[in-house]
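> Okay, handing you the structure first.
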Amino acid sequence: MHLLHNDTPVDISHPGVISMSKSLIRLTEVLCRTGYSKASIYRLIRQGRFPVQVKIGPRSVAFIESEVDEWINQRIEESRSDGLSKDGDSHE
């Protein structure tokens, strides 16, 4: 893996393909970022509505940071688009 001038990771085994970093974050960080409780996160996972954790040890799990970030961005987008009509005006 090499970095472009702007520190974007590039997979040189596939020229021209830019890949996202696969950083892992622990549950405590997920709770801080989402504002949800542990029980709520695991309920969303069971419902297929939150990224599934990755086993990193016999008794340890983590989450893929980019997947959590994407989930958060989707919630923001949904929230902002819910109050707008097709022409961009508020429903109020």
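All of the numbers you see were taken from the coordinates with simple rules; none came from a lab. Remember, it's a predicted structure, so these values are computed and weren't measured experimentally. Reconstructed Cβ throughout: ideal geometry from the backbone, glycine too, with neighbour counts over all protein chains shown.
> Could you give the dipole magnitude of segment 21-82 about its Cα centre, charging the beta-carbon of Lys and Arg +1 and that of Asp and Glu -1, in debye to the nearest 20?
420 debye
> Further question: Sum up the charges of everything whose Cβ sits under 15 Å from the Cβ of Ala39, counting Lys and Arg as +1 and Asp and Glu as -1, but leave Ala39 out.
Residues near Ala39 contribute +4 overall.
> Hey, if you drop one equal point scatterer on each alpha-carbon of segment 21-82 and run the Debye formula without solvent, what base-10 log of I(q)/I(0) do you get at q = 0.20, 0.23 Å⁻¹?
Results for segment 21-82 at q = 0.20, 0.23 Å⁻¹ read -0.78, -1.01.
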